[in-house]
Amino acid sequence: MKKKLNIEIHTKELDSLGIQVKEIVANNVDFSGHLTKAHRDDHYVFYIQEKGLIELMIDFKNHQIKDQALFFIAPGQVHYYTRQMDSKGYFIFLNPSYLQNAYRRIFDTHQNVSQVVPIQNTVLFNTVELIFHQVSEAVSDIQKNIIRSLVDSLMGMTVLEFSKNENPKNGIDRKTELTFQFRQLVQKHFLELKRPKDYAALLHISVPYLNEMVKEQTGCASSYWIQHEILLEAKRLLFYTQLNTKEIAFSLQYEDHTYFSRFFKKNEGITPLEFRKNYCDLSNQNS
């Protein structure tokens, strides 16, 4: 058997418009083929469901989308589908450039925390249906503008659904903006930059201010979010590839693989190999 060295990533699937909408109805999509294989996307995936059931795994968390609900998958998240029963709705595959920064902040906040939300919003369903029909037709410049306006409205309504249980804030203050920038930088640079002082330098602030700000905004220290990204990527490589611990350490840009193993055990309570064995055993039991 060929050794699996990486996790499949779907890139350049979207055309120049940067959006694809797929209607799910009457089991017209086969959820037993490539959709059951773990992969990443370089774009956002949203699913707005009117009825039925879909179950999927996103970064080691099982999610169930039942009846009227929606979920999102952020670029880079490893995911695959495990079950579908008479689901009806729309998939929206979206280039990140469509999202306003204010919207991306909300999705970043909910990523790996709560990526599914129940909905009761007929306007939201009507809007995605309008987008579907616009995208399906020959796209003129006017239609492109219409699509962008409709997508912006749809994303606004989606963000509102995720924000319903949050305390509203008047505008975005400096700490909120800087914390957002920090999270974005960590997601982009965690392989080569592993210390809070690296990010403080990029943001032109002191390390104490970075730690105070991030702890106030998220409840966790800046070092936690750096380690979170490293450990999540390590788990992805352990579970979805056959790379050994040394190869994974080098992929994560650790020169000393024994240091990586100690780092992993300190934070997870088990060694990388124990994590791989535990999750593989659990996967075999559920298959």
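The values are calculated or read from the model by the stated rules, or taken from the named source; none is laboratory data. Keep in mind it's a predicted model, so treat the numbers as computed, not measured. Note that each Cβ is placed from the backbone with ideal geometry, even for glycine, and that neighbours are counted across all protein chains shown. All accessible areas refer to the heavy atoms of the entire protein, side chains included, with ligands and DNA or RNA removed. Shrake-Rupley method; radii C 1.70, N 1.55, O 1.52, S 1.80 Å.
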Selection from the range 97-148 of residues that are among the polar types (S, T, N, Q) and part of a loop (DSSP other than H, G, I, E, B): GLN100, GLN111, ASN112, SER114, GLN115, GLN120, ASN121, SER140
Some residue of the range 89-110 being touching a residue at least 60 places away in the same chain (Cβ under 8 Å), of a type outside the set (A, V, I, L, M), under 30 Å from VAL186 (Cα atoms) and surrounded by fewer than 16 Cβ atoms within 10 Å (Cβ to Cβ): yes
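So, in the range 14-39, how many residues would count as being acidic (Asp, Glu) and either out of contact with any Asp or Glu (no Cβ under 9 Å at 6 or more places or on another chain) or buried (at least 20 other Cβ atoms within 10 Å of the Cβ) (or both)? Walk me through how you get there before you give the answer.
Start the filter on the range 14-39 by keeping residues that are acidic (Asp, Glu), which leaves 15, 23, 30.
Filter again for either out of contact with any Asp or Glu (no Cβ under 9 Å at 6 or more places or on another chain) or buried (at least 20 other Cβ atoms within 10 Å of the Cβ) (or both), leaving 15, 30.
Counting residues in the range 14-39 that are acidic (Asp, Glu) and either out of contact with any Asp or Glu (no Cβ under 9 Å at 6 or more places or on another chain) or buried (at least 20 other Cβ atoms within 10 Å of the Cβ) (or both) gives 2.
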Residue, modelled with the highest pLDDT, within the range 128-141, restricted to residues that are among the β-branched types (Val, Ile, Thr) and closer than 16 Å to SER16 by Cβ: VAL135
Residue selected from the range 48-70 under the condition closer than 17 Å to VAL25 by Cα and in contact with a His (Cβ under 9 Å, 6 or more places away or on another chain), by the criterion least open to solvent (accessible area, probe 1.4 Å): ILE54
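Conditions (1) open to solvent by 40 Å² or more (accessible area, probe 1.4 Å); (2) not in a helix (DSSP H, G or I), marked per residue:
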{"residue": "LEU191", "(1), (2)": "yes, yes"}
{"residue": "PRO208", "(1), (2)": "yes, no"}
{"residue": "LEU243", "(1), (2)": "no, yes"}
{"residue": "PHE260", "(1), (2)": "no, no"}
Meets criteria (open to solvent by 40 Å² or more (accessible area, probe 1.4 Å) and more than 23 Å from GLU229 (Cβ to Cβ)) for ASP42: no
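Being of a type outside the set (D, E, K, R), under 20 Å from SER114 (Cα atoms) and touching a helix residue (DSSP H, G or I) at 6+ places or on another chain (Cβ under 9 Å) is true for just one of TYR224, TYR199. Which residue is that?
Working: TYR199 fails: under 20 Å from SER114 (Cα atoms).
Testing whether each residue is of a type outside the set (D, E, K, R), under 20 Å from SER114 (Cα atoms) and touching a helix residue (DSSP H, G or I) at 6+ places or on another chain (Cβ under 9 Å) leaves just TYR224.
What strands (runs of 3 or more DSSP E) completely inside the range 1-72 contain at least 1 residues that are more than 24 Å from HIS110 (Cβ to Cβ) and over 15 Å from the mean Cα position of the chain (by Cα)?
In the range 1-72, 19-24 are the strands (runs of 3 or more DSSP E) which contain 1 or more residues that are more than 24 Å from HIS110 (Cβ to Cβ) and over 15 Å from the mean Cα position of the chain (by Cα).
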Condition met for PHE239 (under 18 Å from the mean Cα position of the chain (by Cα), in a helix (DSSP H, G or I) and more than 26 Å from ARG262 (Cβ to Cβ)): no
Test: residue in the range 165-178 that is in contact with an Asp or Glu (Cβ under 8 Å, 6 or more places away or on another chain) and either modelled with pLDDT under 90 or not in a helix (DSSP H, G or I) (or both): yes
